[in-house]
Amino acid sequence: MVGQDFDQLLLQHADFLKPFAVNLTRDNEAANDLYQETLYKALANRDKYHVGTNIKAWLFTIMRNIFINDYRRRARQKTIFDNTPNEFLLNQQQLSVGNTAETAMRIKEINKAIRQLPDIFRTPFLLYFDGYKYNEIAGMLNEPLGTIKSRIHFARKLLKEQISRY
């Protein structure tokens, strides 16, 4: 394909790239940069385009690959490697001691709140808390799956209101 023909084809099909760039980046400035880089790469690699190939798909692929590579590059740049020797340990002798009395009080408060739930909410919640799946609970209680899910949701909501935060 002659360079002039490729340029015309590229210009005819470049407008659909802008919304795709905005969709990928969620930022207008970054989308403009991605759009420009895509057009630059397409022009730089015009010899790799074969006549009859879907130009839109070719440009979409270029844009997507640029976006993915930039994302990976940014992720690597945010990674911090700490190669310093761990010769100094801060608070090496300090031990952490839990407050068992406070923990026991919280557990009692939670158990009390669970016991105060209406039976219609308490039973499915306790079964779910014991590790049963929604569909297993629905089978045990002979209730529809959606009913069990909503009852567990409302039980959580009621517990959240009843239990005070420390």
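Taking the listed residues Arg122, Arg73, the one that is modelled with pLDDT under 90 and assigned to a helix (DSSP H, G or I) is Arg73, with no other qualifying. Scanning region 45-61 for residues that are in a helix (DSSP H, G or I), of a type in the set (A, V, I, L, M) and exposed (fewer than 10 other Cβ atoms within 10 Å of the Cβ) gives a single hit, Ala57. In region 54-65, the residues that are in contact (Cβ under 8 Å) with a residue 40 or more places away in the chain form Cβ pairs under 6 Å with partners that are surrounded by fewer than 17 Cβ atoms within 10 Å (Cβ to Cβ), at six or more places apart or across chains, as follows: Ile55/Leu9; Ile55/His13; Lys56/His13.
Scanning region 1-59 for residues that are within 35 Å of the chain's Cα centre (by Cα) and among the aromatic types (Phe, Trp, Tyr) gives Phe16, Phe20, Tyr35, Tyr40, Trp58.
Results for (1) surrounded by 14 or more Cβ atoms within 10 Å (Cβ to Cβ); (2) more than 30 Å from the chain's Cα centre (by Cα); (3) in a helix (DSSP H, G or I), shown as yes or no for each residue.
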{"site": "Lys108", "(1), (2), (3)": "no, yes, yes"}
{"site": "Ile114", "(1), (2), (3)": "yes, yes, yes"}
{"site": "Leu117", "(1), (2), (3)": "yes, yes, no"}
{"site": "Tyr132", "(1), (2), (3)": "yes, no, no"}
{"site": "Gly139", "(1), (2), (3)": "no, yes, yes"}
{"site": "Gly146", "(1), (2), (3)": "no, no, yes"}
{"site": "Lys149", "(1), (2), (3)": "yes, no, yes"}
{"site": "Phe154", "(1), (2), (3)": "yes, no, yes"}
{"site": "Lys157", "(1), (2), (3)": "no, no, yes"}
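In region 90-110, the residues that are within 12 Å of Ile163 (Cα to Cα) form Cβ pairs under 7 Å with partners that are modelled with pLDDT under 85, at six or more places apart or across chains, as follows: Glu109/Ile163; Ile110/Ile163.
Pairs linking a residue in region 112-133 that is in the same structural domain as Ala155 (by TED's automatic domain parsing) and of a type in the set (A, V, I, L, M) to a residue that is surrounded by fewer than 18 Cβ atoms within 10 Å (Cβ to Cβ) and part of a loop (DSSP other than H, G, I, E, B), with Cβ atoms under 6 Å and 6 or more positions apart or on different chains, are Ala113/Ile163.
Just checking, does region 25-33 include any residue being part of a loop (DSSP other than H, G, I, E, B) and touching a residue at least 24 places away in the same chain (Cβ under 8 Å)?
No, that holds for no residue.
The values are calculated or read from the model by the stated rules, or taken from the named source; none is laboratory data. Keep in mind that this is a model prediction, so the values were computed, not measured. No Cβ is skipped: glycine too gets one built from the backbone with ideal geometry, and neighbour counts run over all protein chains shown.
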